[in-house]
Amino acid sequence: MEHVPVIDVSVLVDGTGDPAVVTARIDAACRDAGFFAITGHGIDPALPARLAAGAREFFALDTDEKSRVAMTEGGRAWRGWFPLGGELTSGIPDRKEGFYFGAELAPEDSRVVSGTPMHGPNLFPEQPPGLRALVLEHLDRCTALAHAVTRGISMALGLEPGWLREHYFADPLVLLRVFRYPPLDDGERSWSVGEHTDYGFLTLLWQDDRGGLEVRIGDHWVDVDPIPGAFVCNLGDMLDRLTGGEYRSTPHRVRNRSDRDRISIPFFFDPSWDARISALPGTAPTDDAPARWDRADVHAFEGIYGDYVFAKVAKVFPALRAGIDAT
């Protein structure tokens, strides 16, 4: 496989027509690659393009200005900006800076009042002034698209269209991140973010025209080339776990080999915080699963999703975990 599949999901988005063909293609992509490009999603391409432009304006600000909305100011909600090298993959600092956003919750929301981690209001910078509206609109549109793709996955697995939503996504945990990857210098390491899998359920990625995303298919790496107007969808460890490895989260990495900054905007669609994770009916871990990049066993977890995801994010930002543990 030299390219990830491209799938038109319009029948899932608008709810008209026979979904059999698209669900069959989703099923094949989930089994063979764990990655596919999405067209026919109904999101105006101008929206993520404007968000990326706003992000470039923000990242160009001086450090003192950006520090006003640093993640250390976001508290238990884990929202805000982090500097270059401020996020870890497998314990190693990434060659990127970024900004975390999530569902916008009011201070009186019960989850905020109770101090549930990763829930709360966002931190929005004063500059550029239109960033807040763009972020919230993009969150809403991606959430709707993720629900549509999840309906397709439910049907691909032989379940009712709304089965996964009913059991796992009554109140999904959604996260939006905006990343800036500077060009890699000749003398630097050969990657911007090292080999990893996403720990959640589903990721929808918008990337600019710089390229740099690579997915490991079998024993070689395949470029996930940008397609104008398309999103990249990849499976996370929780979908791998739910299906017993029938659908596998696939390792990927980023190498910005261009001569300009790369902007990417991944949206993470995860089960509800209080969803109980176990294998789907009729599934069990397969015996032929390849050794993972981190030697972990994603099928060993059974419990509440919030406990799982909190432990995962704490490894990415250990200083923030220490701050929460101290409160």
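No lab work stands behind these numbers, since they all come straight from the coordinates. Please read all numbers here as calculations on a predicted model, not as lab measurements. Positions of Cβ are backbone-derived with ideal geometry, glycine not excepted, and every protein chain shown enters the neighbour counts.
If a/c stays under 1.5 just call it rounded; otherwise compare a/b with b/c (prolate if a/b is bigger, oblate if not). Do that for region 6-325, with a ≥ b ≥ c from the square roots of the Cα gyration tensor eigenvalues.
Details: a/c = 1.34, a/b = 1.25, b/c = 1.08.
Rounded is the answer for region 6-325, as its axis ratio a/c remains below 1.5.
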Requested in this report: Kindly identify region 181-248 as rounded, prolate or oblate by the Cα gyration tensor criterion: order the square roots of the eigenvalues as a ≥ b ≥ c, call it rounded if a/c is under 1.5, otherwise compare a/b with b/c, prolate if a/b is larger, else oblate.
Outcome: prolate
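Explain nothing, just the number: relative contact order of the chain, from Cα pairs under 8 Å at least 6 residues apart, as a whole percent. If you can, show how the numbers build up before the last one.
Working: 644 pairs, mean separation 65.2, N = 327.
This gives 20 percent for the chain.
I'd like to verify something in the chain: which complete DSSP H helices, judged by Cα projection on the helix axis, reach 15 Å or more and average at least 0.5 on the Kyte-Doolittle scale? Could you put the intermediate results ahead of the total?
Values: long enough: 20-32 (18 Å, 0.45); 46-59 (20 Å, 0.55); 131-156 (37 Å, 0.61); 305-316 (17 Å, 0.39).
Flagged H segments are 46-59, 131-156.
Per DSSP H run of at least 4 residues, take -39500 (n - 2.57); add these up for the chain, divide by its residues and hand me the 222 nm value, nearest 500 deg cm²/dmol. If you can, show how the numbers build up before the last one.
Details: 10 runs with 99 residues, N = 327.
Estimated from H runs of four or more residues: -9000 deg cm²/dmol.
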Query raised in the report: In whole angstrom, how far apart do the alpha carbon centroids of region 102-120 and region 186-264 sit?
Result: 30
Report task. State the Cα centre-to-centre distance between region 305-319 and region 1-44 in whole Å. Result -> 30
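Within 10 Å of each residue's Cβ, count the other Cβ atoms and sort LYS312, LYS66 from fewest upward. Don't skip to the end; give the middle numbers.
Numbers: LYS312 13, LYS66 20.
Ordered from fewest to most neighbouring Cβ atoms within 10 Å, LYS312, LYS66 come out as LYS312, LYS66.
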Requested in this report: Once you've got the GNM for the chain with C-alpha springs shorter than 10 Å, pick whichever of PHE201, PHE301, PHE36 has the biggest mean-square fluctuation.
Outcome: PHE301
